[in-house]
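What follows is a set of notes on a single structure, which appears directly below.
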Amino acid sequence: MKTLLSRRRFLSAAVVACISIAYPVHILAANPAGLSLASVSAVIAPLGSDQPIYSKHADIQMPIASLTKLMTALVVMQSGQSLDERLTLVPYRDNSGKNTYSRLRSGAQISRRNLLHMALMSSENMATYVLAHYYPGGVDAFISRMNATARSLGMLKTRFVDPSGLSPSNVSSANDLVKLASATYQYSEIRRLSTIGQADMHFVNPSHALSYTNTNPLVRNANWQVHLSKTGYIEEAGRCLLMVANIKGKLTTLVFLDSHGLRTPIGDAGRVRRWLETGESGTVPDSALVYQRQRLARL
């Protein structure tokens, strides 16, 4: 995909060690020192480009929680399995020690499309497991395909051990996730299902319905044009967000890893948009800076 990314890079002396910023031609007001983020790791890039507008600790390998489910969705779509096939829910096999509570009932039936919808929109872990269970060869074959797909995309710092992201051993880097965003964006159904704000899911055997809401509130915000979205959280990964949004008429990939606080990635998304529009993002709370230092020391 052609981009209007400038080749010139400006480095701020205060952040030379860990942050690089390149200016796209269409963002004339961008200030090299104007963007402050609360997330430990981040990348901002034109969709489809391997040249970031902004990167921060972007090569560090770290847990990615439910951002994993974007790779799950990619494997499902590439498998060619029918999205309309009705699947019977099976008990979730999990060894992560995390809370795997689900409102889904074992034995009930629902389509593969709706399972994918719940996984992407609301991070439903049991739905994700069921998708892997019905892959040819089962869950282990599904995870192997996830890792093979990551390698094929050049995601060299990425490894998966489960399809949902509950395991902290599911790791990647912000730079790798930019590649995953580009790959998943090619599928209109992934884009559509990940950005629906709310939906009712209808099951049979027994017949019942459950309502689900998107975990990214920006998809319901009229001031944002979000075209791909996934959130994630486990304690080891912090709050994570990957999305593709239209900012100043450009499809832009935003990846935020390891943020402290439920709405911190959403705040970072707002800071990025302000920076792209005005050249200044505003400040981040002191508590976020302390959190970053502590997390980076562990990494």
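The values are calculated or read from the model by the stated rules, or taken from the named source; none is laboratory data. Fair warning: this is a prediction, and the values are worked out from it, not measured in the lab. Every residue, glycine as well, gets a Cβ built from its backbone with ideal geometry; the counts of neighbours run over all protein chains shown. Surface accessibility is based on the protein's heavy atoms, side chains included, excluding ligands, DNA and RNA. Shrake-Rupley method; radii C 1.70, N 1.55, O 1.52, S 1.80 Å.
Residue-wise test of (1) in contact with a Pro (Cβ under 6 Å, 6 or more places away or on another chain); (2) of a type outside the set (G, A, S); (3) without any contact (Cβ under 8 Å) to a residue 60 or more places away in the chain.
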site: L115; (1), (2), (3): no, yes, yes
site: S123; (1), (2), (3): no, no, no
site: R145; (1), (2), (3): no, yes, no
site: A150; (1), (2), (3): no, no, no
site: D162; (1), (2), (3): no, yes, no
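Please verify whether L177 is open to solvent by less than 20 Å² (accessible area, probe 1.4 Å), in contact with a Cys (Cβ under 6 Å, 6 or more places away or on another chain), under 28 Å from Q294 (Cβ atoms) and of a type outside the set (G, A, S), treating the condition exactly as stated. Give the derivation first.
Values: open to solvent by less than 20 Å² (accessible area, probe 1.4 Å): yes; in contact with a Cys (Cβ under 6 Å, 6 or more places away or on another chain): no; under 28 Å from Q294 (Cβ atoms): yes; of a type outside the set (G, A, S): yes.
The answer is no for L177.
I'd like the residue in region 158-173 that is closer than 19 Å to E235 by Cβ and hydroxyl-bearing (S, T, Y) and, out of all such residues, is most open to solvent (accessible area, probe 1.4 Å).
Checked region 158-173; the qualifying residue most open to solvent (accessible area, probe 1.4 Å) is S169.
Could you list, ordered by first residue, the pairs with Cβ atoms under 6 Å in which the first is in region 281-299 and more than 15 Å from G261 (Cα to Cα) and the second is open to solvent by 70 Å² or more (accessible area, probe 1.4 Å) and not in a loop (DSSP other than H, G, I, E, B), at least 6 apart or interchain?
S281/R274
Given the structure, is S49 touching a His at 6+ places or on another chain (Cβ under 6 Å) and either surrounded by fewer than 24 Cβ atoms within 10 Å (Cβ to Cβ) or farther than 28 Å from E189 by Cβ (or both)?
Numbers: touching a His at 6+ places or on another chain (Cβ under 6 Å): no; either surrounded by fewer than 24 Cβ atoms within 10 Å (Cβ to Cβ) or farther than 28 Å from E189 by Cβ (or both): yes.
Answer is no for this residue.
Residues of region 253-274 being among the β-branched types (V, I, T) and either in a strand (DSSP E or B) or under 18 Å from I190 (Cβ atoms) (or both), which ones? Spell out how you get there, then give the answer.
Here is the first cut: in region 253-274, the ones among the β-branched types (V, I, T) are 253, 255, 264, 266, 272.
Passing the criteria: T253, V255.
Mind checking whether some residue in region 233-246 is at positive phi, of a type outside the set (A, V, I, L, M, F, W, C) and surrounded by fewer than 21 Cβ atoms within 10 Å (Cβ to Cβ)?
Within region 233-246, the first condition is being at positive phi, and the residues that meet it are 238.
Imposing the further condition that a residue be of a type outside the set (A, V, I, L, M, F, W, C) reduces the set to 238.
Narrowing the set further to residues that are surrounded by fewer than 21 Cβ atoms within 10 Å (Cβ to Cβ) leaves none.
No, the conditions are met nowhere in region 233-246.
For region 25-40: of the residues being over 22 Å from Q292 (Cα atoms) and at pLDDT 50 or above, which is most open to solvent (accessible area, probe 1.4 Å)? Quick ask: steps written out before the conclusion?
Taking region 25-40 first, the residues over 22 Å from Q292 (Cα atoms) are 25-31.
Checking the rest, the ones that are also at pLDDT 50 or above come to 30-31.
Details: A30: 16, N31: 54 Å².
Ranking the candidates gives N31 first.
Which of (1) part of a helix (DSSP H, G or I); (2) surrounded by 14 or more Cβ atoms within 10 Å (Cβ to Cβ); (3) modelled with pLDDT of 90 or more is the odd one out, the single condition Q294 does not satisfy?
(2)
Quick check on region 88-108. Is at least one of its residues polar (S, T, N, Q), in contact with a strand residue (DSSP E or B) (Cβ under 6 Å, 6 or more places away or on another chain) and either modelled with pLDDT under 95 or surrounded by fewer than 18 Cβ atoms within 10 Å (Cβ to Cβ) (or both)? First the steps, then the outcome.
As a first pass, look at region 88-108 and keep what is polar (S, T, N, Q): 88, 95-96, 99-100, 102, 106.
Within this subset, residues satisfying the condition of being in contact with a strand residue (DSSP E or B) (Cβ under 6 Å, 6 or more places away or on another chain) are 88.
Going one step further and asking which of them are either modelled with pLDDT under 95 or surrounded by fewer than 18 Cβ atoms within 10 Å (Cβ to Cβ) (or both), we end up with 88.
Scanning region 88-108, I find at least one residue that is polar (S, T, N, Q), in contact with a strand residue (DSSP E or B) (Cβ under 6 Å, 6 or more places away or on another chain) and either modelled with pLDDT under 95 or surrounded by fewer than 18 Cβ atoms within 10 Å (Cβ to Cβ) (or both), so the answer is yes.
State whether one or more residues within region 177-189 are acidic (D, E), outside any helix (DSSP H, G or I) and in contact (Cβ under 8 Å) with a residue 40 or more places away in the chain. If you could, list the steps in order and put the result at the bottom.
Step one: filter region 177-189 for residues acidic (D, E), giving 189.
With the extra rule that they be outside any helix (DSSP H, G or I), the set shrinks to none.
Checking region 177-189: not a single residue is acidic (D, E), outside any helix (DSSP H, G or I) and in contact (Cβ under 8 Å) with a residue 40 or more places away in the chain.
What tally of residues in region 197-222 results from selecting those that are buried (at least 17 other Cβ atoms within 10 Å of the Cβ), within 20 Å of I110 (Cα to Cα) and within 17 Å of the chain's Cα centre (by Cα)?
Qualifying residue count for the region: 1.
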